[in-house]
Amino acid sequence: MFESAELGHLVDDATFAKEERKLRADLLGAQLELLERANLSVLVLVNGVDGAGKGETIHTFNEWLDPRHVRTRAFDEPSEDERLRPPMWRFWQALPPKGKIGIFFGSWYTAPIWKGVRGERTDGELMLDIERIREHERLLAHEGVLLVKLWFHLSKRAQRKRLQTLEKSKLTRWRVTKADWKNHRRYDAFARIDELVLRETSTGEAPWVVIDGSDANYRSLTAGRTLLAAMRDRLDAPATPVKKVAAKSTPRSASLGGVDTSAILRELPFEARLSKAKYDTKIVRLQERLARLSRSAKLRRRGVAIVFEGMDAAGKGGAIRRVTGALDARQYNVIPIAAPTDEERAQPYLWRFWRHVPRRGQFVLYDRSWYGRVLVERVEGFSPEAAWTRAYHEITEFEEQLSEHGVVVVKFWLAITKDEQMRRFKERESTPYKQFKITKEDWRNRRKWDDYVVAASDMIDRTSTSIAPWTIVEANDKHLARVQVIETICERLAEAR
């Protein structure tokens, strides 16, 4: 895979000077067009062998491009704060918004490669890491991120010569460390893992470009031309018409695949009730149990993500307040989810949820969540069918990453009847201090009740997994619902190892 990058490509200084002027102008033109359109972002991954010119190439990019619209981030060992969250969290934080260019020095490839070289991953385990990377890059590509993946290569002999040359000069010897020579002695092990990873992750959405790093002029021109070609290919492509609802798409009131899942919610009995007296006793006991669990040593090694979904006026806010009433205020965050802001629209849809994932020892409660993609965006036609059908897998993959890092994911659908919703709407309208809770949007959503029932039923059916199951709460009786919510959280925390 690296043969063409070991041919010793050379570009003389006169040719470089001539080509550089035009390339820089073209890159700046493409960058300006990207900024003006702001309909995609560009993410450049810079990886490769030690001494192949990765750092020099990043300096060149920042010199050739307008640095005001370039975000460069170097990833070394995770910080303490980063270790408290899933591994992909720090990369999500650094994604460039639409209209901007991001450059990652090191990336989500670094850790799997190192673990493979050190023998901490079998080839089978490494393939699982690779599959996760492919899924991640596929999601980014679908969400408007142009991935440009550059691998800078040197042969074993060229790498040794490069390190020796740097060491001979007083001006550059500081750049060569004991770790560089140690890595050089493991060159063959790196080459085997590098080849496997690059071969398996060079995809149509995100291909690798391997660049000979032995000559600075050739390296810089090739990297710049690769970036320019990728940007021009995307910018010059015919615009795809944006339709709110695609023609002949799945009817919003029809279940996916023709399988009717709506009985999941339509056939709930809504018969159980809990008296006020019993509720007052049970809720206090449950809050005490939750408080003790939240302070246990086991929970210091885990985060907790609690998702609340349901029809308008289903009691999500009241349930959340009963949960937080049992927790230390320093221990939790409540994240209310509304329509995305301009900042959030400029990023992949999961970005605004990744930024709030709980660290170890923390609870995060989501008042609505990432499931908006398969609920409101589906029903209202804000996302094309291909996007929201794809999201079922993207969401379960996201939750799997949380779980693997020790986050307990608890998901509630608070179900109420249409009659009960009407009663609560009217109560809100007639109660001055509750009137802020009822909006025109609530009444409009009510007219699409059946569509939301179908969408929610499909969602529950397709995303209730062993690691993140849905709990359907019959919420016509608020007392019973609040008790069931806290009971379920306690049970999930007690089961966590």
Do any helices (runs of 4 or more DSSP H) entirely within the stretch 397-490 hold 2 or more residues that are among the β-branched types (Val, Ile, Thr), open to solvent by less than 30 Å² (accessible area, probe 1.4 Å) and closer than 21 Å to Gly372 by Cβ, and if so, which?
-> 449-463
Working only within the stretch 268-321, note down all residues that are part of a helix (DSSP H, G or I) and modelled with pLDDT under 95.
-> Lys298, Leu299, Arg300, Arg301
Name every residue in the stretch 369-385 that is in contact (Cβ under 8 Å) with a residue 40 or more places away in the chain, of a type in the set (Gly, Ala, Ser) and either part of a helix (DSSP H, G or I) or buried (at least 19 other Cβ atoms within 10 Å of the Cβ) (or both), in order of residue number.
-> Ser369
Filter pass, Thr72 being among the hydroxyl-bearing types (Ser, Thr, Tyr), under 30 Å from His184 (Cα atoms) and in contact with a strand residue (DSSP E or B) (Cβ under 6 Å, 6 or more places away or on another chain) | yes
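Conditions (1) more than 23 Å from His136 (Cα to Cα); (2) of a type in the set (A, V, I, L, M); (3) under 25 Å from the mean Cα position of the chain (by Cα), marked per residue:
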{"position": "Arg390", "(1), (2), (3)": "no, no, yes"}
{"position": "Glu404", "(1), (2), (3)": "no, no, yes"}
{"position": "Val408", "(1), (2), (3)": "no, yes, yes"}
{"position": "Glu420", "(1), (2), (3)": "yes, no, no"}
{"position": "Arg423", "(1), (2), (3)": "yes, no, no"}
{"position": "Arg447", "(1), (2), (3)": "yes, no, no"}
{"position": "Asp450", "(1), (2), (3)": "yes, no, no"}
{"position": "Pro469", "(1), (2), (3)": "no, no, yes"}
{"position": "Glu474", "(1), (2), (3)": "yes, no, no"}
Name the helices (runs of 4 or more DSSP H) wholly inside the stretch 1-104 in which the number of residues that are more than 24 Å from the chain's Cα centre (by Cα) and on the phi < 0 side of the Ramachandran plot is 3 or more.
-> 13-37, 54-64
Examine the stretch 322-329 for a residue that is modelled with pLDDT of 95 or more, more than 30 Å from Gly144 (Cβ to Cβ), open to solvent by 50 Å² or more (accessible area, probe 1.4 Å) and in contact with a Phe, Trp or Tyr (Cβ under 6 Å, 6 or more places away or on another chain), and state whether such a residue exists.
-> no
When Glu80 is evaluated against the numbered criteria (1) open to solvent by less than 60 Å² (accessible area, probe 1.4 Å); (2) closer than 30 Å to Glu404 by Cβ, which criterion, by number, is the only one it fails?
-> (1)
What number of residues within the stretch 204-215 are open to solvent by 30 Å² or more (accessible area, probe 1.4 Å) and either modelled with pLDDT of 95 or more or within 26 Å of the chain's Cα centre (by Cα) (or both)?
-> 5
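The values are calculated or read from the model by the stated rules, or taken from the named source; none is laboratory data. Predicted model only: the values in this text are computed from it and were never measured. Every residue, glycine among them, receives a Cβ derived from its backbone with ideal geometry; neighbour counts consider all protein chains shown. Protein only, heavy atoms only, side chains kept; ligands, DNA and RNA dropped before computing areas. Shrake-Rupley method; radii C 1.70, N 1.55, O 1.52, S 1.80 Å.
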